[in-house]
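Novice: Take a look at the following structure, please.
Quick note: the coordinates plus some simple rules give every number you see, no bench work behind them. Nothing here was measured: the structure is a model prediction, and the numbers come from that model. In this analysis, Cβ positions are derived from the backbone assuming ideal geometry, glycine residues included, and neighbour counts consider all displayed protein chains.
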Amino acid sequence: MKAKLGLMIAIIAVLIIVIVGIGINSTGLFSLQNTNNTNTEPIKIGVIAPLTGGPAQWGLGAVNMIKLATDEVNLKGGINGRKVELIIEDGKCDPKEAVNAANKLINVDKVHLIFGGHCSAETAALAPVLNSNKVIGMAGVSTATGVFDNTQFMFRTSPPNFSQAKVIAK
């Protein structure tokens with residue numbers, strides 16, 4: 001069962017990379033239809049996950065799945081001939097650490113997409129930073145209500161707490 005879940009998550013991650021790539025196409029980061037593309041620079045994607053401390057047990061697994069999906073994309077030639085490069089930061093499930101990581105990824109590494117935060121408090125702190133910098137954020141397991149209410153650039157791939165509670169209650 002765990003192997004099936006891991007494979008499903010890896011497939012979803014690949015789909016997200018491709019879908020986001022198509023969306024970023026309109027911002028000029030890269031073009032999927034430009035056959036004369038001479039840009040061979042890698043497409044940089046940031047990842048913020050807990051890599052140390054107690055929450056690392058979940059963050060390391062998430063990072064490994066994102067790496068597997070990225071390897072799949074790169075083995076097939078990347079996106080429009082450009083490899084995908086992950087830049088991974090330890091958010092520690094701490095809002096301050098996550099914001100520091102996001103600022104580095106945005107201002108130093110120049111990413112336009114960040115997978116993370118991993119915890120709801122981390123994601124709540126990241127949302128305004130990503131929104132103000134117009135950087136897309138994909139939070140995998142942040143489930144708290146309200147975190148995504150006032151942002152145009154932060155999204156989640158898991159259902160919110162109240163949806164999960166209804167299923168569990170049944």
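Novice: Between the range 63-98 and the range 101-133, how many Å separate their Cα centres?
Specialist: That distance is 14 Å.
Novice: Which order do the peptides 114-121, 82-89 take when ranked by the mean count of other beta-carbon atoms within 10 Å per residue, highest first? Can you show the working numbers first?
Specialist: Values: 114-121: 26.5, 82-89: 17.8.
So the peptides 114-121, 82-89, ranked by packing, come out 114-121, 82-89.
Novice: Sticking with this structure for a sec: When a footprinting reagent is the concern and you count Cβ atoms within 10 Å, what order do 38, 123, 70 take, fewest first? Present the calculation step by step, with values, prior to reporting the outcome.
Specialist: On the way: 38 6, 123 29, 70 22.
Result, fewest neighbours first: 38, 70, 123.
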